[in-house]
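What follows is calculated from the coordinates using simple rules that are stated; it is not laboratory data. Computed from a predicted structure; not experimentally measured. Here the Cβ is made from the backbone with ideal geometry for all residues, glycine too, and neighbour counts use every protein chain on show.
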Amino acid sequence: MAQITISLPDGSQRSYDEGATTAVVASSIGSRLAKAAVAANVDGEEWDLGRPLHDGALVAIITGDSDEGRHVLRHSTAHVMAQAVTQLFPGAKYSIGPAINDGFYYDFELPGGRTFTEADLDAIDERMRAIVKADQPFTRDELPAAEALRVFADQPYKCEIIERVSSGSADPTDIDDLDSGEIGSGETISVYRNTPEFLDLCRGPHVPSTSKLGHFKLMKVAGAYWRGNEKGPMLQRIYGTAWESKSALDEHLHRLAEAEKRDHRKLAVELDLLSFPHELGGGLAVWHPKGAIVRKLMEDYSRERHTNGGYQFVFTPHLANGNLFQTSGHLDFYKDGMYPPMEMDNGTYYMKPMNCPMHCLIYRSRQRSYRELPLRLFELGNVYRYERAGTLHGLMRIRGFTQDDSHIFCMPEQAADEIASLLDFVMSVLRAFGFTDFTANLSTKDPKKYVGDDAAWDDATVALRSAMEKYGLEYKIKEGDAAFYGPKIDIDVRDAIGRTWQLSTIQYDFNLPERFELEYVGADNARHRPIMLHRALFGSVERFFGVLLEHYAGAFPTWMAPLQARVLPVAEGHEAYAHEVAARLRSEGIRADVADSADQLGKRIRAAKLDKIPYVLVVGDSDVAASTLGVNPRGGD
RNA sequence: GCCCAGAUAGCUCAGUCGGUAGAGCAUUUCACUCGUAAUGAAAAGGUCCAGGGUUCGAUUCCCUGUCUGGGCUCCA
């Protein structure tokens, strides 16, 4: 048996049997030695995590506080879960079970179409803990494909994977092949087992033994399509989370609880901001007075910045004749995302899913000169999109919403400068709302869904790229993620608890100017075609509001708080003075009210705090006498 | 659209093995007038999501729909 020797940071060496246990693991989870060991020299060659060594055997080092280490233990936990499920539910079919962010999942099909219940999760959890306790070693085997098919004869999903791998059609970059991508070269299939009865296709690596696991929790059951195919069978997916230590698990659960407390749907009810009445239908909201104040402040600020930024305001209707969307291409490309047609005596009408076609009509309403360009049209435009029922999510995914939408018409040679100054504008406005951490993505052409010629796409992509480089913004590339009419830049922001949200978008469009035959007269007295930039900064006002609500956990900065101050008289005798104070504040433009003394002071303070009012002002005898007040700020602003 | 789970007072939830329901908070009234996160008492508050079926009787069981939640798929 060949040996693998690893030099440890303390100068000592350790040898492992290569092949018998192919996952080489630092002696205990939580040890830090692995990070240093990754750079160790094995058999005279540099190697890295997960790199195949010696006839396809894999070696990996895990450490408790590395992403690689967590990945390994999560995936191993997924195996144990599948093992528990197959023991508890004879005849269960198991498909794939990868590690994901914070945890893992495994997809199953139970006999007779049975589904998992909450009680099942408890039983599975219990069985998993027994397997952990049994200290079963994970071992690796390689089987010829034909034998693997025999071994997994009663597991149709596994057979499908084996066939895909042995025919060479598995794609290791495909999420659905995560588990299968590297299980073999086509000739042989690698499997892991930790008891004689349970084995699973897997490229490894795994922890050496089930006893290294244990800090996990099964979270929920959900439906999931086999291989993500909407037409394919629906499997039962169990999600779990797994960590290297109890404290890490607890921390994760705590983070989840924090995020739940910040849920904008919950806060919207608690703070009386807005609601989604059933009578309206799914994905449609009504704004209550307090929510409306915040929204109005957001919109006012946006209008002010756009005025200063050289934008011209326009208004356009909510409906349009279908011919307009035929011209724009929406009916060809996104009919499914539009509300159904309304037949009228003079044509077929649709709710507008976007404002751009109408802005094109404004551009085209008369002849344009190059001297007018860039022409920046801005509208807080209401659009309606028929989002599929299962995708609606509070304010984040909604069917009727308002875009802070602008379309900038400019000469192609102006585009890079215009985009660079747009980036500046966008981030300056986002900073005003309290975001400081931005990342950008450049989305490129979707080869299956685009219009226009390839050269135009290339030019547009270069313009966006050079604008970001000019601005000095780092960006990632999302291949094939662009809209059908042109490439785009999306700006993601990180919120107070580290989640990222895609907010702003800047999209290059050479397609609509073509379709609407937009022109300008150039300095050469000839007609030219402008290009168009779509850009939304909030994205949707509703969604941005939802993100702000979660970012601030309901405690909006004072400038946008629905109520900025509440005056509390200590007792009945102080009420007149309290009203005087509030009136004075209101005359200074401060949103203030008074909570009279019907309840005890402590209770009124508590209520004001729960309402997240920035300043609670208490007035009693000494304040009346000296014309003062006690200031109790919310803190944290 | 698909899978699973829900919908009971304004909110959060309990309950009814099928005999039209209850708590806490909020609301109203009364008492208390209080100096920094819950004073006490009383009252009022419900088509138990909607429609159909089974039943002597349905909020409860079944079906359909609507809406919500978690996923999948989608996201111009």
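Here is how the numbers come out for the structure above:
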item: Per-residue [θ]222 nm for chain A (sum of -39500 (n - 2.57) over DSSP H runs n ≥ 4, rounded to 500); result: -10000 deg cm²/dmol
item: Chain A, dipole about Cα centre (Lys/Arg Cβ +1, Asp/Glu Cβ -1), debye to the nearest 20; result: 1460 debye
item: Under-5 Å amide H pairs with A:Lys478, H placed in peptide plane, nonlocal only; result: A:Leu442, A:Ser443, A:Thr444
item: Estimated FRET transfer efficiency (A:Arg150, A:Thr195; beta-carbon r; R0 30 Å; 0.05); result: 0.95
item: Under the Debye formula (equal points on every Cα, no solvent term), log10 I(q)/I(0) of segment A:536-637 at q = 0.10, 0.12, 0.16, 0.17 Å⁻¹; result: -0.32, -0.44, -0.69, -0.76
item: Added length on full extension, which subtracts the Cα-Cα distance from 0.36 nm per residue, A:Arg255 to A:Val269; result: 2.9 nm
item: Amide H contacts under 5 Å for A:Val567, placed H, 5+ residues apart; result: A:Asp593, A:Val594, A:Ala595, A:Leu617
item: Label-point separation, A:Ala526 to A:Arg129 (7 Å along Cα→Cβ), nm; result: 7.9 nm
item: Loop GluC sites (Glu not before Pro), segment A:451-481, which have at most 10 other Cβ atoms in a 10 Å radius of their Cβ (DSSP); result: A:Glu474
item: Full-stretch length increase - A:Ser247, A:Asn441 - with 0.36 nm per residue and alpha-carbon distance subtracted; result: 66.4 nm
item: Per residue Cα convex hull volume in Å³ - calculated over segment A:403-446; result: 118 Å³
item: Positive-pole candidate from A:Ile398, A:Ser211, A:Ala523, dipole of chain A, charges at beta carbon; result: A:Ile398
item: Förster-model FRET efficiency, 51 Å R0, A:Lys231 and A:Arg606, C-beta, rounded to 0.05; result: 0.40
item: Cα gyration tensor shape for segment A:342-385, rounded if a/c is under 1.5, else prolate or oblate; result: oblate
item: Prolate/oblate/rounded label for chain A (Cα gyration tensor, a/c 1.5); result: oblate
item: Neighbour cut-off at most 16 other Cβ (10 Å), DSSP loop, GluC sites (Glu not before Pro), segment A:545-637; result: A:Glu588
item: Set of lysines near A:Lys217 by C-alpha distance (under 28 Å), chain-local residues within fewer than 8 positions excluded; result: A:Lys35, A:Lys93, A:Lys133, A:Lys158, A:Lys246, A:Lys261, A:Lys266
item: Projected label distance in nm at A:Glu160 and A:Ser587, using a 7 Å step from Cα toward the beta-carbon; result: 7.5 nm
item: Pairwise centroid distance, computed over Cα atoms, of segment A:418-447 with segment A:506-561, Å; result: 11 Å
item: Antiparallel %, DSSP beta bridges [both residues in segment A:551-637], to 5; result: 35 percent
item: P(r) weight above 24 Å for segment A:281-375, C-alpha pairs, percent; result: 45 percent
item: Where labels lie 7 Å past Cα in the beta-carbon direction, separation of A:Ala625 and A:Tyr386 in nm; result: 7.2 nm
item: Shape call, segment A:432-540: gyration tensor on alpha carbons, a/c limit 1.5; result: prolate
item: Two-site FRET efficiency, A:Asp122 against A:Leu284, from Cβ-Cβ distance with R₀ of 25 Å, rounded to 0.05; result: 0.05
